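Below: one structure, written as structure tokens.
The values are calculated or read from the model by the stated rules, or taken from the named source; none is laboratory data. Predicted model only: the values in this text are computed from it and were never measured. Ideal geometry is used to build each Cβ from the backbone, glycine not excepted, and the neighbour counts take in all protein chains shown.
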Amino acid sequence: MLKFWSLISNKGLSGNLYAHFFSNFNDNFIRSAFVALTLYSLSETTNYQQGLWMFSGILLFIIPFFIFTVFAGEVADKIQKNKLIKNIKTAEIIVCAMAILGLALGSKWLLLIVLLAKGTLSSFLGPVKYSILVDNVGKEKLLDANALMLIAGCAALFFGLISAPLFGYWGKTVILAFTAIMGLLSTLIIPDGEINDPGHKIQTNFLSLNITNFRLAIHSRDIFLCTFGIAWFWLIASVLFTQLQTIIIDNFAIGNKIFTYLFFIIIFAFSLGTVACRTLLKGEVNTRFAPLSFVLLTIFILDLAYVAATIPADPSIYLFRTFFFKHGIRISIDLFFTAFFSAIFVLPLHAMLQAAAHKQIRSRMLAVSQVTIAGFIIAASFGTFTLLKLDVRPVSILSMLALGNTFFAIGIVLLLPKHILRSVLTTILDFIYGVQFEGIEELRKNKGNAVIVANQNSLLDPLILAIYLPGRPYFAVDTETARKFWIRPFLKLIRYYVVDASNPMIIKSMIEEVKKGNKLVIFPEGRVSTTGGIMKIHPGLAMIAERSGADIIPVSIEGTQFSIFSRFGRDFKKKPERDVTVKISKPRKLNVNPALKGIERRAAADNALYDIMALMKFDNVNTNQTIFNSFINARYQIGYRFEIMEDINRKPVSYGKILTAAFVLGDKFTKTTKPGEFSGVFLPTSNACAITMLALHAYGRVPAMINFSTGIKNVCNSCKTAGIKTVFSAKVFIEKADMQPMVDALRENGINVIFIDEFKITAMNKILGLIKSFFPRFTYNFYTVMPKPTDPAFLLFTSGSEGSPKGVVLSHKNLLSNIAQVSSVLPLSVNDRIFCCMPLFHSFGLTAGFLLPALSGFKTFFYPSPLHYHVIPQLVYDTNSTILFATDTFLSGYAKTAHPFDFYSLRLVGMGAEKMKEETFNIWARKFGLRILELYGATETSPGIAFSTPMHFKLGSAGRILPGVDYRLEPVEGIESGGRLIVKGDNIMSGYIKADNPGVIQPPPEGWYDTGDIVDIDKEGFIFIKGRATRFAKVAGEMVPLLAVETEINNYWQDYQQALVSIPDEKRGEQLILFTTREDGSRTDLLKYFQQIGQPELFAPKIIEHIKEIPLIGTGKIDYITLTAMAKEKFLK
């Protein structure tokens, strides 16, 4: 609404608006003064004589519209419009001077001449003041500009007609002079605009011009209907206004006061209706509410005619309140809603007329409209004058108007039943769901054929597109949906094809329809989503876009998944406080390799369309906010009492309890930390850790996650590198985990370690925290120095599996982007429950185990350690968890100890942080019937880069690159296929904090992050990891991929654990050392196996070293640093 009123600041519009107001005011002021003078000078004459003079005044004011308007349109299209307006306003000063003279002389004849002159000026001003609106504000703001013009016109009409009788001669003189001069001055700020048709030759043949222009108007259906609708509105208004005035004044002794009151009701309601219309249409030039509003205003006119017919003449009424309580309430209601719905009817017609008219003839088309209005008003005036002469009562004339309008409304209902139904449905959806459209201009810009692809979260989605999308696109409707009895009435609103899998000719028909230049709406998933994410692409639908060569316009519908019409909307205890948003993206092309044929081509088209939809879903997520603000959004969407987290204490906590605790704890944290400061979090995976992180965010602090598994030295060095001054932990955790030596070391290094379980929390603290939790957004904005989305959100430390840990700074936008990327490809549901046993100081655990469920609205269960192989399967069973994320090492351990039914509730098992062994995949498939999905990422990428999904899976691959991630492969010497992976995207870290430059964030060069991984990507987009660049050994001049060799050995010795490292060798460059838990492992045995599988002898490790247990770091990865050090110490002299 503020944007609507702020449009007045546009200089071009404001100058035109003020000129319009002062001109209308003058017109009505002079007309009112003329009526007052006529009634006064002819007070002793008959009503017929008074009516004759007043009719003459109206006639002389309107006649110029017939004669000069057509020339005004010609001139306005040929010259600068602002100059034409200035000339008209200059002439108006002279006419106002004549009006002042006429009033001084009391000359009705001179005032008749003034009315003729004012009509002439208005006939010239009308087309130009509306045609210049498009130049001033553009078509996208045209509805708002017309709304302001109508409101200004209403105000001028009211004050002009009402104020004239209130002033004497000198008062009238001052007002006329002031408004005329101000009208001229206001034109000075109107900037020069573009001339519509500078080469146009102005014709002087009045009749020929009108015929030509009317033919042009009739040729365009939109222009013709808008012109006719506007003219009919003015006919209704003129008859209603004049006859209501006569009825009130004739029947009541205080008629003038009553009419002034009713006149104000009309003007106020019309202005309110104008604003309501603009709000309903959201600034869009669209006439979908016009038919329904006309039917509704007709109902109220009918009731008004009935009430007016039953009012007896009552000269005894001298008190206004007597009238009001006796007759006025119902009349006021009828007039209010008649004016209110009239505004909703006529406003979009005005804007549509200007938008539909071609630029070169816009002023002439507006002139046609003005001539038509004048004709209808003259016809109405002549008709009422004739009826009055025949002694027909004004009440009867009003009844005739109501009857005529009724027939007209019935005709609209019969001719436009779909429009009426669209209006009703649009009103209902706007009221309940507040449907918002973004990017609608992208659809309007596309003049050719196009395939509109949309996700489908609920049964509402097709209905929303059917009634809101401009034009009349075709829809692809599946057979089962088309058969449902309650769907059939809605199908009458659209043009559609029924998609039948057994009839391939339907697809061909749709392709031909698109080739003709039509638009087709398809829901590629072919059904309502059960997850809220993108599901599989319906076979064949992608080929419509590919074969037709049409643009693809992605449309994302968000918010309907929370309605009762979705598959899981009923799971919410209350309606989420969220509007439905429809975002239309820029057109794209479906790129398919032309060399592909048959099934391969169809699969490639399906994948390409899936990628477009996944990217659309990611692009339309708001990642330009903070994590805590996103958490607040989730609280409003899901519910204050929804229990979102649970840990080993088995005490679930809701959004409300978390916010309460976060505000209480956060207030305590502010005593020892500063906004934007890195604050250490030294806690296990638990509710307490999650709440502590949110508490720091609530007051603008940045959690720095302490990786306590790396040892005292690394933890102290990490804190020094990042400049961490304060670390928050819990006394009970330190004691149980025997971490007191680490706490002592931190304190010796000048770091303040604070135990949150030793805070003194008073009853007042809890009450204030509870109050704040009811108003979280206000509290967050009021108490926090608001960070930017690109500011640091978390500080993590790399695992140190191949070197010293580095601080990795992840921004709010980084993490929210990665969550959006994952959500766009993984089928996640509000009914899911994640079992999180990964440490929260690891990016995998932080994003996948905590932020993803907390910000998306599904539950998570925290367990403090992933190493408890016997306990975790039982807890997964007890908690009915549906998603489990872990490393290969941990998943292998769970599989060996779990009962086959322990994981019955799981539907997604994700593995990341290390390469998946084939043995691990096979045991999960055989024992539990579950397919492990391999994931790939890094701490620096928040962490996701590529994900395997139930829809896109290849054994041995880490999945496909996530939407929104750009990549390139840099060649590596000795590697024939693939290369070194470099990635870029919104999920890429803000930068490193390194020991050589403490406290300074070093961003990746130009936003590109070198993963250090050697990968290959196939034609379907699947990524295969060959190994780390640092995990390649150069043996005798040949590059040996340590990861690939290690994988082959693991496949051979499946019952044991192996790790392969390399150390320098004077003769061969490097030599391979294999550490294995197998006691009788021999190189000879491996050489035979390598010969069988076709691997070169060079790949066989030179030395095989037995080890009791392969060392791991805290995140479950193999500790190659320790193993390499062991190898060097033992085998290097």
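Odds and ends about this structure:
- Residue count, the stretch 924-934 (criterion: in contact with a helix residue (DSSP H, G or I) (Cβ under 9 Å, 6 or more places away or on another chain) and either at pLDDT below 90 or within 16 Å of Gly956 (Cβ to Cβ) (or both)): 4
- Hits in the stretch 636-645 - residues which are more than 19 Å from the chain's Cα centre (by Cα) and not hydrophobic (A, V, I, L, M, F, W, C): Gly639, Tyr640, Arg641, Glu643
- Those strands (runs of 3 or more DSSP E) of the stretch 1046-1133 in which at least 2 residues are more than 53 Å from the chain's Cα centre (by Cα) and within 28 Å of Phe890 (Cβ to Cβ), considering only elements entirely within it, cover 1069-1076, 1103-1106.
- Qualifying residue in the stretch 687-700 (condition: of a type in the set (Ser, Thr, Tyr), surrounded by fewer than 23 Cβ atoms within 10 Å (Cβ to Cβ) and part of a helix (DSSP H, G or I)): no
- In the stretch 124-140, the residues that are of a type in the set (Lys, Arg) form Cβ pairs under 6 Å with partners that are assigned to a helix (DSSP H, G or I), at six or more places apart or across chains, as follows: Lys129/Asn16; Lys129/His20; Lys139/Ala355.
- Enumeration of residues in the stretch 731-787 that are closer than 17 Å to Lys671 by Cβ, assigned to a loop (DSSP other than H, G, I, E, B) and in contact (Cβ under 8 Å) with a residue 40 or more places away in the chain: Ile751, Phe759, Ile761, Thr784, Val785
- Strands (runs of 3 or more DSSP E) fully within the stretch 935-999 that include at least 1 residues being in contact with a helix residue (DSSP H, G or I) (Cβ under 6 Å, 6 or more places away or on another chain): 944-947, 979-985, 991-993.
- Helices (runs of 4 or more DSSP H) within the stretch 328-434 that include 3 or more residues in the same structural domain as Leu225 (by TED's automatic domain parsing) and either touching a Leu at 6+ places or on another chain (Cβ under 8 Å) or among the hydroxyl-bearing types (Ser, Thr, Tyr) (or both): 329-356, 394-415, 417-433
- Residue identified as basic (Lys, Arg), more than 19 Å from Leu962 (Cβ to Cβ) and crowded, with 17+ Cβ neighbours inside 10 Å among Arg602, Arg588: Arg602
- Residue in the stretch 1000-1012 that is farthest from the chain's Cα centre (by Cα), counting only those that are closer than 14 Å to Thr939 by Cα and assigned to a strand (DSSP E or B): Gly1012
- Evaluation of Val909 against (1) touching a residue at least 60 places away in the same chain (Cβ under 8 Å); (2) among the β-branched types (Val, Ile, Thr); (3) outside any helix (DSSP H, G or I) (one fails), failing number: (1)
- Within the stretch 1001-1021, not a single residue is surrounded by 15 or more Cβ atoms within 10 Å (Cβ to Cβ), among the aromatic types (Phe, Trp, Tyr) and modelled with pLDDT under 85.
- Number of the condition not met by Val555 [criteria: (1) outside any strand (DSSP E or B); (2) at pLDDT 85 or above]: (1)
- Ser679 being within 30 Å of His868 (Cα to Cα) and within 41 Å of the chain's Cα centre (by Cα): yes
- Residue selected from the stretch 1060-1108 under the condition buried (at least 21 other Cβ atoms within 10 Å of the Cβ) and of a type in the set (Phe, Trp, Tyr), by the criterion nearest to Asp1119 (Cα to Cα): Phe1075
- Sole residue being more than 20 Å from Cys836 (Cβ to Cβ) and crowded, with 20+ Cβ neighbours inside 10 Å, chosen from Ser892, Ser957, Ser942, Ser948: Ser957
- Among the residues of the stretch 910-933, those identified as more than 18 Å from Lys1117 (Cα to Cα) and hydrophobic (A, V, I, L, M, F, W, C) are Ile923, Trp924, Ala925, Phe928, Leu930.
- Checking Pro524 against (1) of a type outside the set (Gly, Ala, Ser); (2) in contact with a Phe, Trp or Tyr (Cβ under 8 Å, 6 or more places away or on another chain); (3) in contact (Cβ under 8 Å) with a residue 12 or more places away in the chain; (4) surrounded by fewer than 23 Cβ atoms within 10 Å (Cβ to Cβ), the condition it does not meet: (4)
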